[in-house]
Amino acid sequence: MSSSLALIFCSALVLYLLRLERKQAPDASRILWIPTIWMLYSISKPFGVWFHSGGTQETGSPLDRGFLTFLLCVSLIVLFKRHFKWTEAIRNNPWLMVLLGYMLVSILWSPMPAISFKRWVRELVAIAMAFLISSERNPRLAIKSIIRRTIYVLIPFSLLLIKFYPAYGIETARWSGVIMWVGVTPQKNWLSLLCVISAFFLIWVLRQRWKGHDIAVTKYQIYIELFLLFLSFLLLGGPERTLTNSATSLIAFAVGLLVFAALLWAKKKGVILKRNALNIVVGFIIMYGTITPFIGKLSFWDVSSVVGRSETLTGRTHIWSTLIPSAMSKPLIGHGVGGFWDTTTRKIAPSAHNGYLDVILILGFLGLGLVFLFILSCSAKATMALADDMDWGILFICYLLMLLVHNITESSIFTFTSSLPAIILFFSVTSNKEHLTRSFTS
């Protein structure tokens, strides 16, 4: 099959899938395409890469800045037209607002204040998208719709790029020269996380269908989603055709499935997960993830050999030992949002390969404390969701724990512009929807 024919076939498939999704969520407003487009954009390569429009990794391209500014302005206009209750939204998300405010203040001590402000605005766009979702009549349906659209679009097109447009879908590792599948995403680990998010959601949906809690809009939808589940595992396997291609994502996925099974078993036995119990698990994972780079190994939970990794965790221990002096040079307040990673530091690594160390580098231990408090607020909302909608609460909890585990050897928790943190942000902000009464004009 030629690349042009494959592109036509893939585009037709995606359009058909989006049509199915529209039937699945007929009450979702057209406005929901704004956060959907933002989600698709956030997971994919920047426009500057697709269209070679210039800019650097620090400043971004003018095309990307213009696009995000446009999305922010449109979302704010919609929120004002919908008479969104800003004060109540802020009051219902106190730790999120404190974290966002601290990130803004941290620009004052950043060595690159202009770049730091641009990166902070990107976080603000993510918050605006979450508020926009919460202004929908059914925010939970809206989140499911966004995740489903993301899967329907990015999974098929990732496979298309890898198989027929390798100049965009395949990269070579800078240090090892190993071939890596990246698909529509900027790097291998982003694609792996997309696959894990997609696979878990599809399993959750299929279980919903099996229990009669979700109805397929066509008899073919189940087979299509099983096919997408297969594609997710195929992409997760990478060119080596082994699921250990991304050990971190695989472990996070396994944790999600274990928690999923445990919560379903607890539901069957009539056992209710207490908020304090989940807080203990959350606190333990964050503490473990924070300690790991400082001791230079996975200590008593070392599964590196099980997933085919060396004791150095593919060079992560060297990266950690190199970055820790920089983190401890400003341990309390960090280098400011966007104030650490530049052209020089990226020669060491594109990230700290530990989300908690990344937070310390950027916002210091004070910022890590605020992130912890925000996660605890998410934990509280997730346990409350269990009483309201058991299946929804299970999805919330599993994604939350998957995020925390993933950040032990990867970095994403320091920004809401990454896929899984964005989903957790959406879950958290929309949990208080019953307090946000609005009048709709659209």
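The values are calculated or read from the model by the stated rules, or taken from the named source; none is laboratory data. It should be emphasised that the depicted structure is a prediction, and the values quoted were computed from it without experimental measurement. So basically every Cβ, Gly included, is an ideal-geometry build from the backbone, and we count neighbours across all protein chains shown. SASA here: full protein model, heavy atoms, side chains in, ligands and nucleic acids out. Shrake-Rupley method; radii C 1.70, N 1.55, O 1.52, S 1.80 Å.
When residue 27 is tested against the conditions (1) open to solvent by 20 Å² or more (accessible area, probe 1.4 Å); (2) part of a helix (DSSP H, G or I); (3) closer than 22 Å to residue 150 by Cβ, the lone failure is (2). Among the residues of the range 168-182, at least one is touching a strand residue (DSSP E or B) at 6+ places or on another chain (Cβ under 7 Å) and either aromatic (Phe, Trp, Tyr) or modelled with pLDDT of 95 or more (or both).
Checking each residue in the range 341-362 for being touching a Ser or Thr at 6+ places or on another chain (Cβ under 7 Å) and more than 23 Å from residue 297 (Cα to Cα) picks out no residue at all. Tally time: how many residues in the range 341-361 are open to solvent by 40 Å² or more (accessible area, probe 1.4 Å), free of Cβ contacts under 8 Å to residues at least 60 places away in the same chain and part of a loop (DSSP other than H, G, I, E, B)? Total meeting the criteria: 2.
Restricting the range 112-123 to residues that are more than 15 Å from residue 418 (Cβ to Cβ) and either assigned to a helix (DSSP H, G or I) or modelled with pLDDT of 95 or more (or both), the residue that is most open to solvent (accessible area, probe 1.4 Å) is 117.
Against the test of being open to solvent by 50 Å² or more (accessible area, probe 1.4 Å) and either under 21 Å from the mean Cα position of the chain (by Cα) or at pLDDT 95 or above (or both), the options 281, 271, 259 yield a single qualifying residue, 281.
Within the range 60-71, is there a residue that is free of Cβ contacts under 8 Å to residues at least 24 places away in the same chain, under 22 Å from residue 152 (Cβ atoms) and not basic (Lys, Arg)? No - not one qualifying residue is present in the range 60-71.
Let's see how each residue does on (1) under 29 Å from residue 28 (Cα atoms); (2) assigned to a helix (DSSP H, G or I); (3) out of contact with any Leu (no Cβ under 9 Å at 6 or more places or on another chain); (4) of a type in the set (Asp, Glu):
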site: 72; (1), (2), (3), (4): yes, yes, no, no
site: 88; (1), (2), (3), (4): yes, yes, no, yes
site: 97; (1), (2), (3), (4): yes, yes, yes, no
site: 105; (1), (2), (3), (4): no, yes, yes, no
site: 125; (1), (2), (3), (4): yes, yes, no, no
site: 131; (1), (2), (3), (4): yes, yes, no, no
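Restricted to the range 166-212, and to residues there that are farther than 21 Å from residue 42 by Cβ and part of a loop (DSSP other than H, G, I, E, B), the residue that is most open to solvent (accessible area, probe 1.4 Å) is 175. Go through the residues of the range 388-402 one by one and say whether even a single one is within 19 Å of residue 288 (Cα to Cα), of a type in the set (D, E, K, R) and touching a residue at least 40 places away in the same chain (Cβ under 8 Å). No.
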